[in-house]
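Right, one structure below, let's go through it.
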Amino acid sequence: MTHMCKSVVMENKRWRPEHPGSRFYCVMVQYLHSVDIGAMADHVRALDGDRIARKHFNFRLSSPEATLEMTGYDKNGVSPFGTPVKLPIILCQSIALLQPPVFWIGAGHVDYKLAMPVQSFIDATGCTVADISALNDKDQ
């Protein structure tokens, strides 16, 4: 189960057009993990040189409607590939450390999955890798 991952679209609810960076991010996270929104805010701030105060970051899951608009995919079928809007992608570090270094992600439909070598995914997407997830309490 550790190699099964999902694409979640996170929205900065405090984003403003004058801020650098993106309002939406696609995060690749393991099924057994959840996104640490504080660590994600710190990572995104660092990408922009910490120019925007921490109070301007409040990441939450985007609405199903916004996710569909950004990705073209419905809930439980989101893929980082073939999206109408190019979203910055963050790969959780726990995925980058998997052995063997392959993970399964959504392929655009709830019943379809795609196996990807981790390094091939990083090379193809230009994603950043960050320690922004934690094992869900119920799965420990």
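So that you can scan it fast, the table gives a plain yes or no per residue for (1) surrounded by 13 or more Cβ atoms within 10 Å (Cβ to Cβ); (2) over 25 Å from Pro20 (Cα atoms); (3) without any contact (Cβ under 8 Å) to a residue 40 or more places away in the chain:
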| site | (1), (2), (3) |
| --- | --- |
| Pro88 | yes, no, no |
| Cys92 | yes, no, no |
| Leu97 | no, yes, yes |
| Pro101 | yes, yes, yes |
| Ile105 | yes, yes, no |
| Asp111 | no, yes, yes |
(message) What's the total number of residues in segment 131-140 that are assigned to a loop (DSSP other than H, G, I, E, B) and at pLDDT below 95?
(response) 2
(message) Let me spell it out: the conditions are (1) open to solvent by 50 Å² or more (accessible area, probe 1.4 Å); (2) without any contact (Cβ under 8 Å) to a residue 40 or more places away in the chain; (3) of a type in the set (A, V, I, L, M); (4) within 22 Å of Ile122 (Cα to Cα), and Leu47 meets all of them except one. Which number is the exception?
(response) (2)
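So, of the residues in segment 1-26 that are touching a residue at least 24 places away in the same chain (Cβ under 8 Å) and among the basic types (Lys, Arg), which turns out to be least open to solvent (accessible area, probe 1.4 Å)? Outline the logic, then answer.
Here is the first cut: in segment 1-26, the ones touching a residue at least 24 places away in the same chain (Cβ under 8 Å) are 1-16, 19-22, 24-26.
Restricting the remaining residues to those that are among the basic types (Lys, Arg) gives 6, 13-14, 16.
Details: Lys6: 67, Lys13: 100, Arg14: 105, Arg16: 114 Å².
Ranking the candidates gives Lys6 first.
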(message) I want to confirm something. Restricting to segment 27-36 and keeping residues that are in contact (Cβ under 8 Å) with a residue 40 or more places away in the chain and not in a strand (DSSP E or B), which single residue is most open to solvent (accessible area, probe 1.4 Å)?
(response) Asp36
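Run down Met70, Met116 and say which single residue is touching a residue at least 40 places away in the same chain (Cβ under 8 Å), in contact with a strand residue (DSSP E or B) (Cβ under 9 Å, 6 or more places away or on another chain) and surrounded by 13 or more Cβ atoms within 10 Å (Cβ to Cβ).
Exactly one of Met70, Met116 is touching a residue at least 40 places away in the same chain (Cβ under 8 Å), in contact with a strand residue (DSSP E or B) (Cβ under 9 Å, 6 or more places away or on another chain) and surrounded by 13 or more Cβ atoms within 10 Å (Cβ to Cβ), namely Met70.
The values are calculated or read from the model by the stated rules, or taken from the named source; none is laboratory data. Note that the structure is a prediction, hence the values are computed from the model and not measured. Positions of Cβ are backbone-derived with ideal geometry, glycine not excepted, and every protein chain shown enters the neighbour counts. When the accessible area is computed, the model is the full protein with side chains, heavy atoms only, and any ligands, DNA or RNA have been set aside. Shrake-Rupley method; radii C 1.70, N 1.55, O 1.52, S 1.80 Å.
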